[in-house]
Amino acid sequence: MTDALLTPNGARALNALGLAGCSAILLVAFGYQVVDGELPCPLCILQRAAFAAAGMGFALNVCLGARPGHYAIVVLGSVAGFGIAARQTLLHIVPGTGVYGSALFGLHFYVWSLIAFAGLIVAAAILCLFEGQFVARVRPSSRARIGGFGLASVLLFLAITLANAGSTLAECGGGLCPDNPTRYEFWDSLLGR
């Protein structure tokens with residue numbers, strides 16, 4: 001591809017958009033957990049971790065500039081998440097086996113995750129085609145380089161990732177997570193329940 005199609009600043013903006021997408025997915029899942037009390041199962045937690053891993057690749061591109069290795073982090077996180085989401089989808093695809101959690105627009109979250117991970121893999125692969133973003137240039141200060149949208153995307157991503165990590169600790173209590181969680185193990189152990 002030609003170098004003029006995607007500049008380093010354009011790549012930074014697209015990576016910030018990808019990061020905002022990962023954050024939105026984590027926010028929706030976390031919102032269902034907090035508002036509706038739908039605690040994530042172990043496979044759901046692993047999918048959230050995979051979205052966080054993929055988002056880390058986008059965050060590195062936003063903060064440090066685009067690198068093929070950062071896109072590799074997006075792809076590897078997404079491939080892992082795709083496998084986990086496929087496993088969960090296959091567990092619930094057989095009629096009569098039941099489903100886990102609520103549906104959003106007719107599909108369950110694990111199916112949406114499968115679709116989203118496939119989209120992230122394709123998006124990262126397409127972005128890698130544009131070599132102009134990898135051109136080394138003299139860098140201004142990081143705040144001016146990242147921009148407002150990029151900084152907001154990174155901060156939102158960090159906040160929601162930490163919130164998900166904290167809720168996982170609260171749910172699993174530092175041990176193995178229950179297959180069908182109904183309560184927060186950590187809080188119950190602190191309160192002696």
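The values are calculated or read from the model by the stated rules, or taken from the named source; none is laboratory data. These figures come from a predicted structure and were not determined experimentally. Neighbour counts are summed over all protein chains in view; Cβ atoms, including those assigned to glycine, are modelled from backbone coordinates with ideal geometry. All accessible areas refer to the heavy atoms of the entire protein, side chains included, with ligands and DNA or RNA removed. Shrake-Rupley method; radii C 1.70, N 1.55, O 1.52, S 1.80 Å.
Quick notes on this structure:
- Among the candidates Ile84, Ile121, the residue that is more than 20 Å from Phe157 (Cα to Cα), at pLDDT 95 or above and surrounded by 18 or more Cβ atoms within 10 Å (Cβ to Cβ) is uniquely Ile84.
- Within region 66-101, tally of residues that are closer than 22 Å to Pro40 by Cβ, touching a residue at least 12 places away in the same chain (Cβ under 8 Å), of a type outside the set (Phe, Trp, Tyr) and not in a helix (DSSP H, G or I): 1
- Scanning region 87-98 for residues that are β-branched (Val, Ile, Thr) and open to solvent by 40 Å² or more (accessible area, probe 1.4 Å) gives Ile93, Val94, Thr97.
- Hey, Val28 touching a residue at least 12 places away in the same chain (Cβ under 8 Å) and of a type in the set (A, V, I, L, M) or not: yes
- Within region 65-102, tally of residues that are under 19 Å from the mean Cα position of the chain (by Cα) and of a type in the set (A, V, I, L, M): 11
- Region 15-32, residues that are over 10 Å from the mean Cα position of the chain (by Cα) and farther than 12 Å from Phe109 by Cα: Asn15, Ala16, Leu17, Gly31
- Among residues of region 1-51, those that are in a loop (DSSP other than H, G, I, E, B) and buried (at least 17 other Cβ atoms within 10 Å of the Cβ), counted: 5
- Residue in region 109-123 that is polar (S, T, N, Q), out of contact with any strand residue (DSSP E or B) (no Cβ under 9 Å at 6 or more places or on another chain) and free of Cβ contacts under 8 Å to residues at least 24 places away in the same chain present: no
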